[in-house]
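A quick write-up on the structure given underneath.
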Amino acid sequence: MKVGLIDLGSNTSKLLIAKKNSVSIGQCFEVLVEKSFPCRLFSVSSEKELKISKERSLRLVECLKKFQNICQKNQTNHLIVVATEALRKAGNSKEVIHFIKSQTGLKIRILSGSEEAEAVNKGLQTDPVLLASKNYFALDIGGGSIEIITVSNKKISNTSSLPIGAVSLALANSSNLDIPLSPDVQIKTREFVRQMIQTELNCSPAKGFPVIGTGGTLVFLHLILKNMNNLSDNRSLQLPQIEKIAEEICCLSLNERVKRFPSLPYDRADVFPFGLLAIIEIMKLFGANRITHSFHNLRYGMVQDFFRSLDS
């Protein structure tokens with residue numbers, strides 16, 4: 001049995017293909033294929049009522065057809081398509097979903113913030129590095145939102161889905177992503193994150209809990225630090241390291257960022273500074289000096305759930 005899981009994000013759409021294995025503890029599947037395509041659903045010039053344009057809907061259809069071809073080549077038995085913050089927020093999400101189904105035959109399920117958080121936590125718990133972790137804060141740092149999850153004794157005790165992902169922060173705090181972030185924009189962004197967390201977080205951060213994170217901003221941050229030979233193999237990213245990268249990258253234009261950090265693509269480099277500022281502000285509010293990066297994300301959690309359901 002092979003399953004494909006497509007996750008339609010605000011900035012990137014991603015595919016995971018996996019097959020079931022016989023492991024009873026930890027990850028119950030083997031990853032066969034992981035693929036992602038840039039497919040930003042909102043532009044910086046979007047109106048206050050966010051809508052996904054016809055052009056971007058067509059691009060999303062093109063992306064989904066590529067995923068369908070990959071699934072067919074890998075003889076996938078079952079295909080699940082989920083969407084998160086962008087389609088939760090878009091004023092025309094129903095029309096977009098109907099259009100996608102008419103063009104691809106695919107039915108999209110929009111996850112609620114709590115469903116997204118639950119899947120992220122289940123995904124993290126398939127990571128061998130985290131199997132012994134019982135109490136922690138989990139962050140899923142996406143383009144549209146950041147899910148903040150409090151885990152006590154391996155169970156979720158609180159979740160918050162906040163619209164402070166890298167793309168959302170860029171939309172709210174800048175009108176030109178090609179230029180460096182001025183000190184005023186940086187301060188405005190950090191205050192925006194701090195205020196959102198302080199007013200919307202469902203619980204007070206428990207000081208001392210380790211912080212574990214997943215999502216695109218951390219993937220590229222991890223890669224940049226690794227390429228700079230500043231990162232050990234334990235995936236632990238230190239706050240001073242993150243602050244140093246953020247200070248440098250905020251002072252660069254889009255072209256300069258890509259030239260300085262070749263591993264950072266244009267479709268990520270424009271919003272990347274905003275994602276870094278969000279991570280820094282959250283870590284400071286939580287009293288954390290480091291964040292552990294995990295690649296075991298929402299897709300891992302949903303695939304794990306799918307295969308576990310076959311046994312029940």
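Among the residues of the range 188-219 satisfying the criterion of being of a type in the set (A, V, I, L, M), modelled with pLDDT of 90 or more and outside any helix (DSSP H, G or I), which is surrounded by the fewest Cβ atoms within 10 Å (Cβ to Cβ)?
V211
For G4, indicate whether it is closer than 16 Å to Y300 by Cβ, buried (at least 22 other Cβ atoms within 10 Å of the Cβ) and among the small types (G, A, S). Quick ask: steps written out before the conclusion?
Numbers: closer than 16 Å to Y300 by Cβ: yes; buried (at least 22 other Cβ atoms within 10 Å of the Cβ): yes; among the small types (G, A, S): yes.
Yes; evaluated as a whole, the condition is true for this residue.
What's the number of the condition L169 fails, among (1) over 27 Å from K134 (Cα atoms); (2) more than 21 Å from the chain's Cα centre (by Cα)?
(2)
Within the range 125-140, track down each residue that is modelled with pLDDT of 90 or more, more than 16 Å from L111 (Cβ to Cβ) and of a type in the set (A, V, I, L, M).
Result: L139, single match.
Please work out if H222 is within 21 Å of the chain's Cα centre (by Cα) and assigned to a helix (DSSP H, G or I).
It is true that H222 is within 21 Å of the chain's Cα centre (by Cα) and assigned to a helix (DSSP H, G or I).
Under 7 Å between Cβ atoms, at least 6 apart or on separate chains: pull out the pairs that start in the range 158-187 with a residue that is part of a strand (DSSP E or B) and end on any residue that is crowded, with 19+ Cβ neighbours inside 10 Å and of a type in the set (S, T, N, Q).
If the second residue must be crowded, with 19+ Cβ neighbours inside 10 Å and of a type in the set (S, T, N, Q), the pairs left are N158/T150; S161/S145; L162/S145.
Name every residue in the range 94-109 that is surrounded by fewer than 19 Cβ atoms within 10 Å (Cβ to Cβ) and either under 30 Å from I212 (Cα atoms) or of a type in the set (G, A, S) (or both), in order of residue number.
S102, G105, R109
Is at least one residue of the range 142-161 under 21 Å from S36 (Cβ atoms), surrounded by fewer than 24 Cβ atoms within 10 Å (Cβ to Cβ), modelled with pLDDT of 90 or more and not assigned by TED's automatic domain parsing to the domain that holds I80?
no
Taking the range 93-123 on its own, how many of its residues are in a helix (DSSP H, G or I), more than 11 Å from E147 (Cβ to Cβ) and of a type in the set (A, V, I, L, M, F, W, C)?
Residues in the range 93-123 being in a helix (DSSP H, G or I), more than 11 Å from E147 (Cβ to Cβ) and of a type in the set (A, V, I, L, M, F, W, C): 4 in total.
Quickly run through the range 257-283 and pick out the residues that are without any contact (Cβ under 8 Å) to a residue 60 or more places away in the chain, surrounded by fewer than 19 Cβ atoms within 10 Å (Cβ to Cβ) and either assigned to a helix (DSSP H, G or I) or of a type in the set (K, R) (or both).
Selection gives V258, K259, R260, Y266.
The values are calculated or read from the model by the stated rules, or taken from the named source; none is laboratory data. Remember, predicted model here, so these are calculated numbers, not experimental data. No Cβ is skipped: glycine too gets one built from the backbone with ideal geometry, and neighbour counts run over all protein chains shown.
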